[in-house]
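What follows is a set of notes on a single structure, which appears directly below.
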Amino acid sequence: VGTIIPYMKGMGVLAVIWLVTLPALLVTLIRGARRLGTALLERVHVAVRIAIYFVAYQLIQMLIRLLPGTGAAEDVLMLILNAGVLAILILDGIQRQKLLEGVESMKSGREESGIPTEHLFWNNRRMAEAVNGLGEDLKSAVQEQMKSERMKADLITNVSHDLKTPLTAIITYVDLLKKEDLTEEERREYVDTLDRKSQRLKVLIEDLFEVSKATTNNITMNFTDVDLVNLIKQVHLENEDKIAESTLDIRWNLPDEKCILSLDPQRTYRIIDNLLQNCLKYSMPHSRVYIDLKDQDGEVTVTFKNMSAVEMNFSPDEITERFVRGDLSRNTEGSGLGLAIVQSFTELQNGECKVETDGDLFKVTLRWKRA
């Protein structure tokens, strides 16, 4: 006793600590075992899981019968066991009813956020998550279908309008040329107008074919080594007259050295030309346009920046869609296919096209990563 007394205080503290921590330890072990069991059971087939439940139920009944005591205690334990099984079955039935109601609500369109899964367990939770995922996929498919229908309507409305305008002018001037009392000067003027309108009609039809082939991957790309700096300079020279006629101050920030990339020269020329034409058509008069090319950190970027003459009440993602135009009044010539062709041709050449707006600033960035 004399030897133990000095350690009694420490032993008492340890006993108190053990009594306090034991319930928490037991709760933690039970929760961990339940999570582990749930995780394991969710991985097996439902038939195997039902068989495990049945065997466990039979084993518990056998243990109760083997316990020493009177028959009354055995009956009470069996009643408690069966009541627990009944409660689980009722809870599972209630959850399945909620699942059915949630599916019916989603089917009728009353429930858009999906089936709540907070109070569901086991297969019911997995089923609710699968139904919610299916609902999201269905919603995305419906949105894509609506978007496709809207694009078809834009095709019928906008493109038919753009095709009809030059065609009507061609028919009108052909009728005028049939008159016999025309002067030579009037005849030349009518022929020049016919030439412009027919060229305009030709460009529209070519744009339609190009964007159709590009979006369906029914196009052959001819890759070769292209000096992107020299190609941009070619576009500049080809449009020098239009640039001189405009009131824009175009700043060409190009490096002195070559920038060689594996590209399709014809389609890349079309990309740069479309972006330049976009600047010439929609830029605010007497404003500056910046065209930059940078080759650094294994990446080549070409940037077009201009101030829009009209309010840009569209999103950057929307303007790259087919048949969408920044000039909603359609007072300027255009088919709404220019930026769609730019994006399609850039992506077909393993590049990236990004459109950004900031107030009246319109910015298009083309990006190619070097291999």
Quiz item: Out of (1) assigned to a helix (DSSP H, G or I); (2) modelled with pLDDT under 90; (3) surrounded by 18 or more Cβ atoms within 10 Å (Cβ to Cβ), the odd one out for Glu318 is which?
Solution: (3)
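Matching residues to (1) of a type in the set (S, T, N, Q); (2) on the phi < 0 side of the Ramachandran plot; (3) at pLDDT below 75:
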position: Thr28; (1), (2), (3): yes, yes, no
position: Arg34; (1), (2), (3): no, yes, yes
position: Ala39; (1), (2), (3): no, yes, yes
position: Phe54; (1), (2), (3): no, yes, no
position: Met62; (1), (2), (3): no, yes, no
position: Ala72; (1), (2), (3): no, yes, yes
Quiz item: Do we have Asn253 as open to solvent by less than 80 Å² (accessible area, probe 1.4 Å), on the phi < 0 side of the Ramachandran plot, of a type in the set (S, T, N, Q) and over 30 Å from the mean Cα position of the chain (by Cα) here?
Solution: yes
Practice problem: Select from the stretch 272-306 the residues that are crowded, with 18+ Cβ neighbours inside 10 Å, closer than 21 Å to Asp241 by Cα and in contact with a strand residue (DSSP E or B) (Cβ under 7 Å, 6 or more places away or on another chain) and list them in ascending order. | Solution: Leu275, Cys279, Tyr282, Ser283, Val289, Ile291, Phe304, Lys305, Asn306
Quiz item: Leu339 is checked against (1) modelled with pLDDT of 85 or more; (2) not in a loop (DSSP other than H, G, I, E, B) and fails just one. What number does that condition carry?
Solution: (1)
Self-check item: Pair list, Cβ < 9 Å and 6+ apart or interchain, from the stretch 276-297 residues that are at positive phi to residues that are open to solvent by 30 Å² or more (accessible area, probe 1.4 Å)
Solution: His286/Thr247; His286/Asp249
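Residue by residue through the stretch 256-271, note down the ones that are of a type in the set (Val, Ile, Thr) and open to solvent by 30 Å² or more (accessible area, probe 1.4 Å).
The answer is Ile260, and nothing else.
The values are calculated or read from the model by the stated rules, or taken from the named source; none is laboratory data. This structure is a prediction, so every number in the text was calculated from the model and none was measured. Note that we place each Cβ from the backbone using ideal geometry, even for glycine, and neighbour counts take in every protein chain shown. Please note that ligands, DNA and RNA were not included when accessible areas were found on the heavy atoms of the full protein model with its side chains. Shrake-Rupley method; radii C 1.70, N 1.55, O 1.52, S 1.80 Å.
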